[in-house]
Amino acid sequence: MKFYSILVLFALVQLCRGGALEQLTIDQTIQKLEKKYGDQHRFRIEKGVQQVAQLWRTSDGSQQAFQSFCTASFIADSQELDRTLDRFQHNLEIIYGHMHQVNRDLSVPVECETNYLLPVDHRFAEYDPSAHIQSDLFTNKIAFTALLNFPAFTLAEKNKWAAIGHGGNGPKPDWRMNFSCASRLTSHRNGHAFMCR
């Protein structure tokens, strides 16, 4: 029994860590982008490529597909980057706002006093049509585009930058996009879900 538990645990770790990419591919991708866009984008390139690599799975594509995605999807132009951020914020507000409205409306018979309550009303109230949005954002590479171009920062990284202040080395981090896809949810058939970082 212990053997099977260890085997299952090992399989889950492999699923969550990504592991689909060789370090050489990641390094070559970073070098290719730095050569194309220069040192002024080094921080964003390194951070963005590493973030995408952490969550890239074999099902997302080959080593070549990863490299092609990164080289085609990195945004160096600051105006295009700002417009892309605005578009992300607008579109995600639409998606998550409408999903909230749908969830709320499906729950009305259960949560509010209405003329009658049917047994099926509980099932509709439990249904979450937004359950697969995050997975879909990775499948169609929207989440990877965000991770590549808008680095996510841990609290420790934010505190370190705040301690250094404006006079420190390196570019000022852009806090505007704290994208929810900095982690990836792995769903399993038995209904359990595991957060992959």
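Determine the alpha carbon to alpha carbon distance for each of LYS47/LYS160; LYS36/LYS160; LYS47/LYS158 and list only those over 19 Å.
Over 19 Å apart, Cα to Cα: LYS36/LYS160.
Mind checking which aspartates and glutamates have their C-alpha under 12 Å from LYS32, skipping anything on the same chain fewer than 8 residues away?
GLU46
Rounded if a/c is under 1.5, else prolate if a/b is larger than b/c, else oblate: which is region 31-173, with a ≥ b ≥ c the root eigenvalues of its Cα gyration tensor?
Cα axes put region 31-173 in the prolate bin.
From the phi of every residue in region 69-83, what ³J(HN,Hα) in whole Hz does the Karplus formula 6.51 cos²θ - 1.76 cosθ + 1.60 yield, where θ is phi - 60° and glycine or proline is x?
4, 4, 5, 7, 9, 6, 10, 9, 5, 5, 5, 5, 5, 4, 5
In whole Hz, with x marking every Gly and Pro, tabulate ³J(HN,Hα) for region 151-157 from phi via Karplus 6.51 cos²θ - 1.76 cosθ + 1.60, θ = phi - 60°.
Each residue's phi maps through the Karplus curve to give x, 8, 10, 6, 4, 4, 5 Hz.
With just the Cα atoms defining each centre, how far is region 147-161 from region 63-137? Give it in Å.
Distance between centres, Cα-based: 23 Å.
Rounded, prolate or oblate: which fits region 56-132, taking a ≥ b ≥ c as square roots of the Cα gyration tensor eigenvalues, rounded meaning a/c under 1.5, else prolate when a/b beats b/c?
Here region 56-132 falls in the oblate category.
Given a Förster distance of 45 angstrom, what is the FRET efficiency for GLN50 paired with ASP105, based on the Cβ-Cβ distance and rounded to 0.05?
Between GLN50 and ASP105 the formula returns 0.65.
Take ASP86 and SER59, extend 7 Å from each Cα along the Cα→Cβ direction, and tell me the distance between the two endpoints in nm.
Label at ASP86, label at SER59, 3.6 nm between them.
Determine, for each peptide in 113-123, 74-84, 146-156, the mean count of other beta carbons within 10 angstrom over its residues, then list the peptides with the highest first.
Most protected by this proxy first, the peptides run 146-156, 74-84, 113-123.
No lab work stands behind these numbers, since they all come straight from the coordinates. Owing to the predicted nature of the structure, the values given are computational and were not obtained by experimental measurement. Using ideal geometry, Cβ is built from the backbone for each residue, glycine included, and neighbour counts are taken over all protein chains shown.
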